[in-house]
Amino acid sequence: MGLPATADVVVVGSGITGSATAAAAAARGAKVVVVDKEDGPAREASGRAQGSLRLQGRHPSEFPLAQESLRLWARAAAEDPGHDIELATAGNLYFCTSAEEKPLLLSLVGHARAAGLAGVEYLDAGRAREIVPAATGPFLGAVWSPVDAQCQPEKGTALFARRACRAGARFGFGAKATRLLASQGRITGIETTSGRIAAGAVVVAAGVWAPHLLSTV
């Protein structure tokens with residue numbers, strides 16, 4: 001697909017961050033173009049991740065964002081039932097392997113409960129094995145969070161890429177972003193191997209490649 005010459009927003013990278021950003025911006029009426037050097041979404045980190053949608057073990061300030069994230073995932077999956085992303089609320093078990101670690105884990109349980117996650121608890125080794133019978137080794141216990149979820153990461157990313165397309169975003173695959181364009185201290189667009197795109201905003205969601213692109217301004 002040929003790239004347009006202008007856009008309101010250019011997103012570099014079609015992983016989960018780039019695809020979700022494009023979907024959100026396009027749904028708000030922005031003219032969005034996504035460029036990616038690969039031949040499709042989630043070809044790098046977003047297609048190789050754990051697929052863990054985790055609340056457990058987070059800093060208290062992150063809980064509202066993590067809870068909202070789970071709601072957004074569930075809503076997106078319900079809106080696209082024809083494409084199974086293997087979304088499951090199967091919980092998360094974090095093992096305690098040393099006595100020195102236990103006070104930290106107990107404090108994390110306290111933070112989670114204070115945030116309203118009443119189901120998060122510290123289990124002894126026996127109760128942990130009831131959840132994961134195959135667990136072996138000299139662990140002392142585990143923190144159990146029944147509200148944590150998982151999905152198949154590549155399918156999950158593709159879900160948000162489809163949402164972006166339905167909202168009007170255009171994807172340019174095989175187009176490598178090579179330079180950010182700026183004038184008088186403001187971003188004015190981007191240069192790619194398929195041409196330039198003038199834009200009022202550029203979102204760099206390029207994972208480990210982000211520093212290389214950002215270093216051009």
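The values are calculated or read from the model by the stated rules, or taken from the named source; none is laboratory data. In this text the structure is predicted, and so the values were computed from the model without any measurement. Cβ sites come from the backbone with ideal geometry, for glycine too, and all protein chains shown count toward neighbours. These accessible areas exclude ligands, DNA and RNA; they are computed on the full protein's heavy atoms, side chains included. Shrake-Rupley method; radii C 1.70, N 1.55, O 1.52, S 1.80 Å.
Some notes on this structure:
- Number of the exception - Gly57 against (1) without any contact (Cβ under 8 Å) to a residue 60 or more places away in the chain; (2) surrounded by 12 or more Cβ atoms within 10 Å (Cβ to Cβ); (3) part of a loop (DSSP other than H, G, I, E, B): (1)
- Residue that is nearest to Ala49 (Cα to Cα) [pool: residues in the stretch 17-35 that are part of a helix (DSSP H, G or I) and open to solvent by 60 Å² or more (accessible area, probe 1.4 Å)]: Thr17
- Selected residue (only one of Ser52, Ser69 is free of Cβ contacts under 8 Å to residues at least 40 places away in the same chain, out of contact with any Phe, Trp or Tyr (no Cβ under 7 Å at 6 or more places or on another chain) and open to solvent by less than 80 Å² (accessible area, probe 1.4 Å)): Ser69
Residues are listed down the side, and each one gets a yes or a no for (1) of a type outside the set (S, T, N, Q); (2) more than 17 Å from Val34 (Cα to Cα); (3) at pLDDT 95 or above:
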residue	(1), (2), (3)
Gln150	no, yes, yes
Pro153	yes, yes, yes
Ala167	yes, no, yes
Gly172	yes, no, yes
Lys176	yes, no, yes
Ala182	yes, yes, yes
Thr188	no, no, yes
Val203	yes, no, yes
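- Verdict on Glu121 being open to solvent by 40 Å² or more (accessible area, probe 1.4 Å), among the acidic types (Asp, Glu) and under 20 Å from Phe63 (Cβ atoms): yes
Each row is one residue, and each column tells you yes or no for (1) touching a helix residue (DSSP H, G or I) at 6+ places or on another chain (Cβ under 6 Å); (2) surrounded by fewer than 16 Cβ atoms within 10 Å (Cβ to Cβ).
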{"site": "Gln152", "(1), (2)": "no, no"}
{"site": "Lys155", "(1), (2)": "no, no"}
{"site": "Arg166", "(1), (2)": "no, yes"}
{"site": "Ala169", "(1), (2)": "yes, no"}
{"site": "Gln184", "(1), (2)": "no, yes"}
{"site": "Val203", "(1), (2)": "yes, no"}
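- Thr193 meets all of the listed conditions (1) crowded, with 19+ Cβ neighbours inside 10 Å; (2) among the hydroxyl-bearing types (Ser, Thr, Tyr); (3) farther than 30 Å from Ala77 by Cα but one, namely (1).
Here is a yes/no grid of residues against (1) within 24 Å of Val143 (Cβ to Cβ); (2) in contact with an Asp or Glu (Cβ under 9 Å, 6 or more places away or on another chain):
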position: Asp36; (1), (2): no, no
position: Glu44; (1), (2): no, yes
position: Leu55; (1), (2): yes, yes
position: Phe63; (1), (2): yes, no
position: Trp73; (1), (2): yes, no
position: Gly82; (1), (2): no, no
position: Thr89; (1), (2): yes, yes
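- Counting only helices (runs of 4 or more DSSP H) that sit wholly inside the stretch 98-217, those with at least 3 residues that are of a type outside the set (Lys, Arg) and within 25 Å of Arg28 (Cα to Cα) are 153-166.
- Among (1) at pLDDT 95 or above; (2) small (Gly, Ala, Ser); (3) open to solvent by less than 40 Å² (accessible area, probe 1.4 Å), the one test that Ala77 misses: (1)
- Checking Ala210 against (1) more than 20 Å from Arg48 (Cα to Cα); (2) touching a strand residue (DSSP E or B) at 6+ places or on another chain (Cβ under 7 Å); (3) of a type in the set (Gly, Ala, Ser), the condition it does not meet: (1)
- Leading residue by the ranking (farthest from Ala76 (Cα to Cα)) among those in the stretch 36-48 that are touching a Ser or Thr at 6+ places or on another chain (Cβ under 9 Å) and either among the acidic types (Asp, Glu) or crowded, with 17+ Cβ neighbours inside 10 Å (or both): Lys37
- Inter-residue pairs, beta-carbon under 9 Å, first free of Cβ contacts under 8 Å to residues at least 24 places away in the same chain and at negative phi and in the stretch 78-91, second of a type in the set (Phe, Trp, Tyr) and open to solvent by 60 Å² or more (accessible area, probe 1.4 Å), 6+ apart: none
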